[in-house]
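The values are calculated or read from the model by the stated rules, or taken from the named source; none is laboratory data. This one's a predicted model, so the numbers in the text were calculated from it and none came from an experiment. Glycine gets a Cβ as well: all are built from the backbone with ideal geometry, and neighbour counts include every protein chain shown.
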Amino acid sequence: MSLIKDTLSRIQQSSPGEPEFYQAVEEVLESLEPLFKKEKKYSEHNIIQRIVEPERMITFRVTWIDDKGKIQVNKGYRVQFSSAIGPYKGGLRFHPSVNSGIIKFLGFEQIFKNSLTGLPIGGGKGGSDFDPKGKSDNEIMRFCQSFMTELYRHIGDTIDIPAGDIGVGGREIGYLYGQYKRLTGSYEGVLTGKKIPWGGSLARTEATGYGAVYFADSLLTSRNDQLAGKTAVVSGSGNVAIYTIKKLIEMGATPVSCSDSRGFIYHKTGINLNTLQQLKEQGKNESLEEYAKIHKDAKYTPVKDYPKGRNPVWSIKCDLAFPSATQNELNLADAKELLKNGCILVAEGANMPSTPEAVHAFLEAKILYGPGKAANAGGVATSQLEMSQNASMLQWSFEEVDGRLRNIMHNIYLSASQTAEEFGQPHNLVLGANIAGFRKVANAMIDQGAV
């Protein structure tokens, strides 16, 4: 379709050196072709050219002082991509890999993910190339205070509500929120992912991982199957992976792997959740090598021993796969290995963890495949539930939030599935999720005029 080619060419020219962003845009636009053919109004209102350009891209310098008294410099970002259906909403990522292309890819995906939740939230994302690993609490605090000193003028509880992401947990949110209050004198729900005593929501920490499992449960139920008795492989060892593992165990499955940037664990009898949490939670980031020292029947493989271009997590025989670490972590060779070993379901806990070639392989095989913008929407959905609690000065029980989350994830599955059926591709939830998410935002843009 010439519109897609022209759009990709234009953004590559206007935004050079942003491959992840191009990948995200191409994947969405290709899925939308059947919609463009069916409904001409989106072309007539120039929606595509409008939606691929952020409403606002903010870039700023972050200077902070380390424990030796030396001034350090990092780069900060906030992309406010779309406010058609609500205030901008999306996490902050602190990681050395962060650049404008990563932030724009994440923000673009967030538009449709947030739309799919059915909640009134637009798409945004932000972060910095700052690395919290190896930094003291005081260094992290000083960085967060400097970061918020710039960011605060661009956000607000009805404007833009950031949350956490990779490298930004409860500790970082606390430092960011404290600085926001100091600068504005306002105690408002301008950040989500807060700790419980000062405005946080129960079940928020667990939400993305739990949500991915609830989505997988809906997928399996559609084929009269269930999670109980299944073997699952999980990548990552942050919040998403940990709570994916926890919920899988609770629902009768056996998760047998986890990983970090240094290596991965294979534990055939099942990952020990307590050990994993002891190594990775409460600001800790101990190597998974320690896990294998505690559990002698587990095998640890360091990154240096990985086959070139491969992640061995995806070579483990399994029924279910939950890529929950980072973008493009699962390639075509990995996908072929999963399929060869009998994997029947892939639910993405991370953002765009599968390469386009891997996604194509899953769709060709017609396995149950939950793309990230649908399967990992539980985190942002619960963030919006936190916003609702803050606005009403209430705190709901864990059970109430968890029940709402499970209902939202099932409704996301239904929306993506029914839309895929509408366009004659019932197995293709990539198409279903993209069209369902896009259509809601695009219709709002048309209703609101040329804004």
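Filter the range 146-182 for residues that are outside any strand (DSSP E or B) and of a type in the set (V, I, T) and give the result. Give the steps one after another, and end with the answer.
Going through the range 146-182, the residues outside any strand (DSSP E or B) turn out to be 146-155, 157-159, 164, 166-167, 169-182.
Selection gives T149, I155, T158, I159, I166, I173.
If K317 satisfies every condition in (1) surrounded by fewer than 21 Cβ atoms within 10 Å (Cβ to Cβ); (2) outside the structural domain of T254 (by TED's automatic domain parsing); (3) within 17 Å of L248 (Cβ to Cβ) but one, which is the exception?
Tallying (1) surrounded by fewer than 21 Cβ atoms within 10 Å (Cβ to Cβ); (2) outside the structural domain of T254 (by TED's automatic domain parsing); (3) within 17 Å of L248 (Cβ to Cβ), K317 fails exactly one: (2).
On the basis of being over 24 Å from K373 (Cβ atoms) and either surrounded by 21 or more Cβ atoms within 10 Å (Cβ to Cβ) or not β-branched (V, I, T) (or both), does R61 make the cut? Talk me through it step by step, then tell me what you get.
Values: over 24 Å from K373 (Cβ atoms): yes; either surrounded by 21 or more Cβ atoms within 10 Å (Cβ to Cβ) or not β-branched (V, I, T) (or both): yes.
Against the criterion (over 24 Å from K373 (Cβ atoms) and either surrounded by 21 or more Cβ atoms within 10 Å (Cβ to Cβ) or not β-branched (V, I, T) (or both)), R61 qualifies.
In the range 270-281, is there at least one residue being under 23 Å from R310 (Cβ atoms) and among the polar types (S, T, N, Q)?
no
How about the range 354-395: which of its residues are closer than 16 Å to K340 by Cα, touching a residue at least 40 places away in the same chain (Cβ under 8 Å) and outside any helix (DSSP H, G or I)?
K366, L368, Y369
Please go through the range 292-325 and pick out each residue that is within 23 Å of the chain's Cα centre (by Cα) and among the aliphatic types (A, V, I, L, M).
Matches in the range 292-325: V313, L320, A321, A325.
Do you know which residues across the range 95-141 are among the aliphatic types (A, V, I, L, M) and closer than 18 Å to Q80 by Cβ?
Narrowing the range 95-141 to residues among the aliphatic types (A, V, I, L, M): 98, 102-103, 106, 111, 116, 119, 121, 140-141.
Within the range 95-141, V98, I102, I103, L106, I111, L119, I121 meet the criteria.
So how many residues does the range 295-308 have that are part of a helix (DSSP H, G or I) and either outside the structural domain of D334 (by TED's automatic domain parsing) or loosely packed, with under 13 Cβ neighbours inside 10 Å (or both)?
Looking only at that region, the number is 2.
Please go through the range 335-349 and pick out each residue that is part of a loop (DSSP other than H, G, I, E, B) and in contact with a strand residue (DSSP E or B) (Cβ under 9 Å, 6 or more places away or on another chain). It would help to see each step written out before you state the result.
Residues of the range 335-349 that are part of a loop (DSSP other than H, G, I, E, B), as a first pass: 341-344, 348-349.
Answer for the range 335-349, where residues must be part of a loop (DSSP other than H, G, I, E, B) and in contact with a strand residue (DSSP E or B) (Cβ under 9 Å, 6 or more places away or on another chain): C343, I344, E348, G349.
In the range 43-51, is there at least one residue being closer than 24 Å to P132 by Cβ, touching a helix residue (DSSP H, G or I) at 6+ places or on another chain (Cβ under 9 Å) and surrounded by 16 or more Cβ atoms within 10 Å (Cβ to Cβ)?
First pass over the range 43-51, keeping only residues closer than 24 Å to P132 by Cβ: none.
The answer is no, given that none of the residues of the range 43-51 is closer than 24 Å to P132 by Cβ, touching a helix residue (DSSP H, G or I) at 6+ places or on another chain (Cβ under 9 Å) and surrounded by 16 or more Cβ atoms within 10 Å (Cβ to Cβ).
Taking the range 80-107 as the search range and keeping residues that are closer than 26 Å to D447 by Cβ and in contact with a Leu (Cβ under 8 Å, 6 or more places away or on another chain), which one is surrounded by the fewest Cβ atoms within 10 Å (Cβ to Cβ)?
Here is the first cut: in the range 80-107, the residues closer than 26 Å to D447 by Cβ are 80-90, 104, 107.
Those still in the list that are in contact with a Leu (Cβ under 8 Å, 6 or more places away or on another chain) too: 86, 90.
Numbers: G86: 19, G90: 31.
Among those that are closer than 26 Å to D447 by Cβ and in contact with a Leu (Cβ under 8 Å, 6 or more places away or on another chain), it is G86.
Can you tell me which of S237, S259, S218 is surrounded by 15 or more Cβ atoms within 10 Å (Cβ to Cβ), of a type outside the set (A, V, I, L, M, F, W, C) and either part of a loop (DSSP other than H, G, I, E, B) or not assigned by TED's automatic domain parsing to the domain that holds A335 (or both)? Reasoning before the result, please.
On the way: S259 fails: either part of a loop (DSSP other than H, G, I, E, B) or not assigned by TED's automatic domain parsing to the domain that holds A335 (or both); S218 fails: either part of a loop (DSSP other than H, G, I, E, B) or not assigned by TED's automatic domain parsing to the domain that holds A335 (or both).
Sole residue among the options that is surrounded by 15 or more Cβ atoms within 10 Å (Cβ to Cβ), of a type outside the set (A, V, I, L, M, F, W, C) and either part of a loop (DSSP other than H, G, I, E, B) or not assigned by TED's automatic domain parsing to the domain that holds A335 (or both): S237.
Which of (1) touching a Phe, Trp or Tyr at 6+ places or on another chain (Cβ under 7 Å); (2) under 21 Å from R171 (Cα atoms); (3) touching a residue at least 40 places away in the same chain (Cβ under 8 Å); (4) assigned to a helix (DSSP H, G or I) is the odd one out, the single condition Y243 does not satisfy?
(3)
Under 9 Å between Cβ atoms, which residue pairs at least 6 apart in sequence (or on different chains) link something in the range 422-449 that is on the phi < 0 side of the Ramachandran plot with a partner that is aromatic (F, W, Y) and part of a loop (DSSP other than H, G, I, E, B)?
Pairs found: L431/F423; G432/F423; I435/F423.
Sort through N351, N311, N328 and tell me the only one that's assigned by TED's automatic domain parsing to the domain that holds P255, of a type outside the set (D, E, K, R), in contact with a Ser or Thr (Cβ under 9 Å, 6 or more places away or on another chain) and on the phi > 0 side of the Ramachandran plot.
Values: N351 fails: on the phi > 0 side of the Ramachandran plot; N311 fails: on the phi > 0 side of the Ramachandran plot.
Among N351, N311, N328, only N328 is assigned by TED's automatic domain parsing to the domain that holds P255, of a type outside the set (D, E, K, R), in contact with a Ser or Thr (Cβ under 9 Å, 6 or more places away or on another chain) and on the phi > 0 side of the Ramachandran plot.
If S201 satisfies all but one of (1) modelled with pLDDT under 95; (2) not assigned by TED's automatic domain parsing to the domain that holds C318, what's the number of the condition it fails?
(1)
What single numbered condition from (1) surrounded by fewer than 19 Cβ atoms within 10 Å (Cβ to Cβ); (2) modelled with pLDDT of 95 or more; (3) farther than 26 Å from T355 by Cα fails to hold for Y291?
Failing condition for Y291: (1).
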